[in-house]
Amino acid sequence: MHDKPLVVVMGVSGTGKSTVGALLAARLGVPYAEADEFHPAANIAKMASGHPLDDSDRAPWLDAIGAWAQAHTGSGGVVSCSALKRAYRDRLRAAAPGLFFVHLTGERSLIAARLAARIGHFMPQGLLDSQFVALEPLQSDERGAAVPVGPSPEDVTGQAAAAVRSAPD
């Protein structure tokens with residue numbers, strides 16, 4: 001019997017990580033976790049005030065997500081997480097080596113428009129540029145796939161599910 005997939009839906013804020021992550025988890029029949037739920041209150045306050053997180057802010061957050069992923073190794077799961085830098089993804093993989101990353105990609109203008117339309121989220125649009133600066137796309141030696149976010153969330157989810165299912169073990 002094969003293990004169920006363990007997936008991180010990654011990308012800058014506004015790419016649809018939460019929406020696609022929840023849809024992908026439902027399609028794969030595994031639990032979903034929202035990375036924002038793992039942030040300490042101080043991180044949320046910092047971002048809400050317009051200040052980007054630094055690596056020391058992200059460390060306990062990444063460790064909490066890694067612990068969730070490790071606990072779901074074998075049984076599967078999907079978690080959303082920006083995972084912008086290779087070092088962050090390496091930290092997550094250290095906790096759960098079988099992770100598959102779905103990198104949601106899109107033009108800055110499209111993502112900015114999505115953020116402008118978003119209501120009730122702590123991440124201000126002003127931090128989008130800092131996320132694009134920090135972003136290190138998946139490298140060829142990382143298990144994962146880039147999926148463009150232009151189509152509908154259902155189409156994006158279909159592409160993501162196909163990538164996950166076709167990934168070698």
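Filter segment 1-58 down to the residues that are of a type in the set (D, E, K, R) and farther than 22 Å from Val149 by Cα, then identify the one that is modelled with the highest pLDDT. Once the filter is applied, the top-ranked residue is Lys4.
Which of the residues belonging to segment 1-12 are open to solvent by 10 Å² or more (accessible area, probe 1.4 Å) and either closer than 19 Å to Leu135 by Cα or in a loop (DSSP other than H, G, I, E, B) (or both)? Give the derivation first.
Initial filter on segment 1-12 (open to solvent by 10 Å² or more (accessible area, probe 1.4 Å)): 1-6.
Correct list: Met1, His2, Asp3, Lys4, Pro5.
Restricting attention to segment 101-117, the residues that are surrounded by 22 or more Cβ atoms within 10 Å (Cβ to Cβ) and over 12 Å from the mean Cα position of the chain (by Cα) add up to 1. If you check Val102 against the conditions, is it at pLDDT 95 or above and under 16 Å from Thr15 (Cα atoms)? It is true that Val102 is at pLDDT 95 or above and under 16 Å from Thr15 (Cα atoms).
Only residues that are surrounded by fewer than 13 Cβ atoms within 10 Å (Cβ to Cβ) and charged (D, E, K, R) were counted in segment 137-169, giving 4.
For segment 78-100, the set of residues classified as within 16 Å of Gln131 (Cβ to Cβ), open to solvent by less than 20 Å² (accessible area, probe 1.4 Å) and either touching a residue at least 40 places away in the same chain (Cβ under 8 Å) or not in a helix (DSSP H, G or I) (or both) consists of Ser80, Cys81, Ser82, Ala83, Leu84, Arg89, listed by residue number.
Scoring Asp63 on the criteria (1) in a loop (DSSP other than H, G, I, E, B); (2) open to solvent by 20 Å² or more (accessible area, probe 1.4 Å) leaves a single failure, condition (1). Here Pro52 meets each of (1) in a helix (DSSP H, G or I); (2) surrounded by 14 or more Cβ atoms within 10 Å (Cβ to Cβ) with one exception, condition (1).
Among the candidates Gly50, Gly29, Gly11, the residue that is touching a strand residue (DSSP E or B) at 6+ places or on another chain (Cβ under 9 Å) and not aromatic (Phe, Trp, Tyr) is uniquely Gly11. Considering the conditions (1) open to solvent by 60 Å² or more (accessible area, probe 1.4 Å); (2) of a type outside the set (Gly, Ala, Ser); (3) farther than 23 Å from Gly98 by Cβ, Asn43 is excluded by exactly one of them, (1).
The values are calculated or read from the model by the stated rules, or taken from the named source; none is laboratory data. It should be emphasised that the depicted structure is a prediction, and the values quoted were computed from it without experimental measurement. Ideal geometry is used to build each Cβ from the backbone, glycine not excepted, and the neighbour counts take in all protein chains shown. Please note that ligands, DNA and RNA were not included when accessible areas were found on the heavy atoms of the full protein model with its side chains. Shrake-Rupley method; radii C 1.70, N 1.55, O 1.52, S 1.80 Å.
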